Structure formats: C-alpha cells, structure tokens
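Working notes, structure below.
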Amino acid sequence: MTFIHETAIVDEGAVIGEGTRVWHWVHICGGAVIGENCSFGQNVFVGNKVVIGSNVKIQNNVSVYDNVVLEDDVFCGPSMVFTNVYNPRSAVSRKDEYRSTRVGKGATLGANCTIVCGNDIGEYAFVAAGAVVNRPVKPYALMAGVPARQIGWMSRFGEQLDLPLTGEGEAVCPHTGERYQLKGSEII
C-alpha cells in the first residue's frame, strides 16, 4: 500500500508505484514517474522530468532535479546533491541547457556527496560521503574525495573488494561469496 504523509505535496499527474512511502514535507512534481516500494525521507523534492525506478531510498533533504534518472535499488544518502545546470547564473536562464544524469542500478550515493550534472554513475558504484563527482563513474567503482577519484571496487552487496584499480584479478564478496573479475579497468 502506498503511503503519503499529510504534509507531503504530490502534484496532479505524478505517477507513484505501489508500496512507496512519501514522508513529511516532501514535494513531488506532476511529471515525475516513480516505481514501486520507494521511500522518500523528510524534505525531499522531486522535479517534473525525473524517472525513479523501484526500491529506491532517498533520505532526508535531497532534491532530485529535472533530467535525473535513478534506476532500481539506488540509495541516496541524507543531504546529497544533484545539479542539472553546469554553469548557473541567477540572471541567465539556462533551462534549455540542463545536463542529464543517470544513476545505475544498485548504486549508493553517500551523505552530502555532490553529483555534478552530466556525469553518469555506473551500476553498483559507491560514492563516499562528502565526495564531489565531476566525471562519469564506472560500474562497481568506489569513489571518494574532492574531486572524487576511484579508490577501489565494491560488490553488489556493498563490501569492498580486494582488487587493484587496474590490471587482472579476481575477488570474492566476503558476505555473499559472489565472484568478481577485474579485466583492465573494469569489473566483469
């Protein structure tokens, strides 16, 4: 059953999947499309040109602006930031210059991280708290710092894998036993 708190504003036309929970002071614009079993924490904003998959968790104080796509199972930590204009100026309208951002299935975006528009995040990538992503992120990459740089690899379960950043290698997720192979600079 879908739950929408009485303080939330859901504009007419918004599509919200079954089992989704919308908490205090959330605003979902009329053009948004949201999957099943999502959770929107307090003070979340979702723009008109936003697509959100199923089982997405968006924590408190996150704004998901136009041209952002979140695939299934994405986690957005508290107060993390999306942008959609690369060079904003108050006196210059740039709504026709929005840059799109796609966050791949199962990715984690840590608390207070920033995703600069136009940079896609690969599936199961993990962006550390406070990191600033200003370039595309590979699937399974562990990113940290300002600007964010890759410091490792993560499993689907969210465990760091014992692999170099590049080269050849194999690692096993310590929690699930799932095997991962590094070939060059990609996990296959």
**OP:** Would you kindly derive the ³J(HN,Hα) couplings of the stretch 31-42 from the backbone phi angles with the Karplus curve 6.51 cos²θ - 1.76 cosθ + 1.60 (θ = phi - 60°), listing them in order in whole Hz, with x for Gly and Pro?
**Re:** x, 5, 10, 10, x, 7, 6, 8, 9, 10, x, 4
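Mind checking Rg over Rh on the stretch 112-188, alpha carbons, Kirkwood formula for Rh? Mind dumping the intermediate values first?
On the way: Rg = 12.2 Å, Rh = 12.5 Å.
That ratio is 0.97, to two decimals.
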Original post:
With each pseudo-label sitting 7 Å past Cα toward Cβ, what's the Thr2-Asn37 distance in nm, one decimal?
Top reply: 1.7
**OP:** Could you work out the relative contact order of the stretch 84-188, using alpha carbon pairs under 8 angstrom and six or more residues apart, expressed as a whole percent?
**Re:** 15
Subject >> HN-Hα J in Hz across the stretch 10-16 - Karplus 6.51, -1.76, 1.60, θ = phi - 60°, x for Gly and Pro >> reply: 10, 5, 4, x, 5, 9, 10
Subject >> Distance from the stretch 139-182 to the stretch 54-133 (C-alpha centre basis), Å >> reply: 21
Original post:
Using the Karplus equation 6.51 cos²θ - 1.76 cosθ + 1.60 (θ = phi - 60°), what ³J(HN,Hα) coupling, rounded to whole Hz, does each residue of the stretch 170-178 give in order, writing x for Gly and Pro?
Top reply: 9, 9, 10, 4, x, 9, 9, x, 5
**OP:** Tell me which residues come under 5 Å, amide H to amide H, from Ala148 once H is placed; ignore anything under 5 positions away on its chain.
**Re:** Val132, Val133, Asn134
Subject >> With all protein chains modelled, accessible area of Arg149 [1.4 Å, Å²] >> reply: 140
Subject >> Set of lysines near Lys138 by C-alpha distance (under 18 Å), chain-local residues within fewer than 8 positions excluded >> reply: Lys105, Lys183
Original post:
What percentage of all Cα-Cα pairs in the chain are separated by more than 26 Å?
Top reply: 34
**OP:** Show the residues, 5+ positions off or on another chain, whose built amide H is closer than 5 Å to the amide H of Val10.
**Re:** Ile28
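The values are calculated or read from the model by the stated rules, or taken from the named source; none is laboratory data. None of these values were measured; they are calculated from a predicted model. Every residue, glycine as well, gets a Cβ built from its backbone with ideal geometry; the counts of neighbours run over all protein chains shown. Protein only, heavy atoms only, side chains kept; ligands, DNA and RNA dropped before computing areas. Shrake-Rupley method; radii C 1.70, N 1.55, O 1.52, S 1.80 Å.
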